[in-house]
Amino acid sequence: MTVWEELKARGLIAQVTDEDEIKELVNNGKATFYIGFDPTADSLHVGHFMALCLMKRLQMAGNRPIALLGGGTGMIGDPSGRTDMRQMMTKETIQHNIDCFKKQMERFIDFSDGKAMMVNNADWLMNLNYVELLREVGPHFSVNRMLTAECYKQRMERGLSFLEFNYMIMQSYDFYMLFQKYGCNMQFGGDDQWSNMLGGTELIRRKLGKDAYAMTITLLLNSEGKKMGKTQSGAVWLDPNKTSPFDFYQYWRNVDDADVIKCMKLLTFLPLEEIQEMEKWEGSQLNKAKDILAYQLTELVHGEEEAKKAQAGAQALFGGSADTAHMPCTELEDSDFAEDGTIDLITLLVKTSLVPTRSEGRRAIEQGGVSIDGEKNTDIRHAMKKEDFQGEGVILKRGKKKFNRVCLK
């Protein structure tokens with residue numbers, strides 16, 4: 001199976017500008033391609049993870065990735081997929097986020113010996129002269145055509161700022177610069193980036209009279225059509241300090257039955273033949289597939305040791321094992337207890353982040369969704385003493401999937 005055939009079989013390809021040319025380039029290791037990452041936070045998340053996996057796959061086949069960090073585009077903010085304008089960030093915040101991205105990317109992409117590049121678009125965007133840019137690029141963009149782009153269309157009713165309207169031009173200019181500076185002949189990105197990517201190929205054609213190509217990858221959606229990688233408390237991050245390896249493992253362990261094989265194809269490096277065998281699995285066997293998915297992805301992001309710990313913690317909770325060492329843990333200090341040496345159950349739920357607010361904690365208890373060491377507790381006034389948390393502590397659980405070990409510091 002060729003590289004291209006495998007990408008198709010895994011369901012990764014959404015839209016392409018010229019399938020025959022792109023197929024020829026990637027199959028023969030001749031693609032120098034880029035994916036852009038705007039530093040909107042201090043960690044990459046699950047949405048970025050899919051792009052990184054694609055870069056890794058193509059690099060393994062001999063192609064050369066360019067990770068483009070959006071030090072310049074991050075100053076504007078991409079309107080794609082947004083219902084409102086992004087919060088504007090300072091230069092210092094953007095630089096801090098870029099530094100965090102760099103460390104995480106090196107886990108996936110081999111940047112040694114020119115096998116890949118990491119480039120910051122601030123190097124050319126921040127020094128542009130506005131009038132010169134208008135003259136150089138402006139004539140090649142039709143406002144009428146831009147307004148039909150999906151990324152703008154969905155914002156027209158709520159209001160699209162002129163700031164964001166420029167984003168397509170900036171992203172197109174990135175491709176134009178990368179093509180000239182580094183021989184970058186392809187751009188890959190999420191399916192919601194299609195209009196912006198076409199702008200780049202068109203700008204290169206009009207300005208340089210040469211061909212460049214674009215391909216979008218399937219967005220990571222669940223069986224209900226909603227973006228994956230989100231929880232009630234926010235995004236699933238690749239930084240272990242923002243989403244612990246255990247919580248990362250549990251996110252994938254708890255995907256719907258209908259999504260597990262799709263995630264296996266899109267995100268893991270397991271052979272397709274192995275995954276196709278799992279497609280025949282039913283019932284309790286799907287839980288085994290989820291264990292495999294969770295372990296594979298946790299190992300990719302956090303390494304073998306953390307993946308084993310996360311797996312052991314999950315087995316301890318759901319398999320009845322006595323080993324609780326690898327469960328997520330909250331340590332209580334003296335200041336967490338009231339003057340009488342107790343702490344109430346609602347406070348505990350908030351402290352362990354099992355609920356975001358006290359009112360939600362009260363509701364969860366009243367509805368019978370909270371247990372302490374396996375015993376359901378429906379008393380909203382229930383309080384526990386300091387000595388209850390000695391030794392290995394207690395296991396506090398909300399619902400079937402959220403839990404925390406609570407002990408003394």
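The values are calculated or read from the model by the stated rules, or taken from the named source; none is laboratory data. What you see is a predicted model, and the numbers here were worked out from it, not measured in a lab. Heads up, the Cβs are rebuilt from the backbone with ideal geometry, glycines too, and the neighbour counts pull from every protein chain shown. Side chains included, ligands, DNA and RNA excluded: accessible areas come from the protein's heavy atoms. Shrake-Rupley method; radii C 1.70, N 1.55, O 1.52, S 1.80 Å.
Observations
- Looking across L221, L203, L198, one residue alone is touching a residue at least 40 places away in the same chain (Cβ under 8 Å) and touching a strand residue (DSSP E or B) at 6+ places or on another chain (Cβ under 8 Å). It is L198.
- Checking N185 against (1) under 17 Å from the mean Cα position of the chain (by Cα); (2) under 23 Å from K8 (Cβ atoms); (3) among the polar types (S, T, N, Q), the condition it does not meet: (1)
- Identity of the residue in the stretch 136-194, at pLDDT 90 or above and of a type in the set (D, E, K, R), that ends up surrounded by the fewest Cβ atoms within 10 Å (Cβ to Cβ): K181
- Test: residue in the stretch 79-94 that is crowded, with 20+ Cβ neighbours inside 10 Å, more than 16 Å from the chain's Cα centre (by Cα), of a type in the set (V, I, T) and more than 14 Å from I109 (Cβ to Cβ): yes
- D259, sole failed condition from (1) in contact with a helix residue (DSSP H, G or I) (Cβ under 9 Å, 6 or more places away or on another chain); (2) open to solvent by less than 20 Å² (accessible area, probe 1.4 Å): (1)
- Look at (1) at pLDDT 90 or above; (2) of a type in the set (A, V, I, L, M); (3) touching a helix residue (DSSP H, G or I) at 6+ places or on another chain (Cβ under 8 Å) and you find that L198 fails only one, number (3).
- Scan the stretch 115-133 for residues that are open to solvent by 80 Å² or more (accessible area, probe 1.4 Å) and closer than 16 Å to I204 by Cα and the total you get is 0.
- Complete set of residues in the stretch 208-218 that are farther than 23 Å from H48 by Cβ and either without any contact (Cβ under 8 Å) to a residue 24 or more places away in the chain or in contact with an Asp or Glu (Cβ under 8 Å, 6 or more places away or on another chain) (or both): G209, D211
- Of all residue pairs spaced 6 or more apart or on separate chains, none has beta-carbon atoms under 9 Å together with a first member in the stretch 327-344 that is at positive phi and a second member that is of a type outside the set (D, E, K, R) and loosely packed, with under 14 Cβ neighbours inside 10 Å.
- Residue list for the stretch 262-276, filter: touching a helix residue (DSSP H, G or I) at 6+ places or on another chain (Cβ under 9 Å) and under 17 Å from E299 (Cα atoms): C263, M264, K265, L266, L267, T268, F269, L270
- Residue within the stretch 277-294 that is part of a helix (DSSP H, G or I), in contact with a Leu (Cβ under 6 Å, 6 or more places away or on another chain) and touching a residue at least 40 places away in the same chain (Cβ under 8 Å) present: no
- Residue under evaluation L300, criteria (1) under 32 Å from the mean Cα position of the chain (by Cα); (2) farther than 30 Å from I109 by Cβ, criterion not met: (2)
- Total residues in the stretch 325-337, condition surrounded by 12 or more Cβ atoms within 10 Å (Cβ to Cβ) and in a helix (DSSP H, G or I): 1
- Residue tally, condition open to solvent by 20 Å² or more (accessible area, probe 1.4 Å) and touching a Leu at 6+ places or on another chain (Cβ under 8 Å), over the stretch 195-219: 2
- Qualifying residues in the stretch 338-376 (those that are polar (S, T, N, Q), open to solvent by 20 Å² or more (accessible area, probe 1.4 Å) and in a loop (DSSP other than H, G, I, E, B)) - the one farthest from G234 (Cα to Cα): Q367
- Pairing each residue of the stretch 355-371 that is in contact (Cβ under 8 Å) with a residue 24 or more places away in the chain with any residue that is open to solvent by 30 Å² or more (accessible area, probe 1.4 Å) and among the small types (G, A, S), provided the two are 6+ apart or on different chains, yields C-beta distances under 8 Å for P356/S233; A364/G399; G369/G399.
- Which listed residue, of Q296, Q276, Q285, is polar (S, T, N, Q), modelled with pLDDT of 90 or more and open to solvent by 60 Å² or more (accessible area, probe 1.4 Å): Q276
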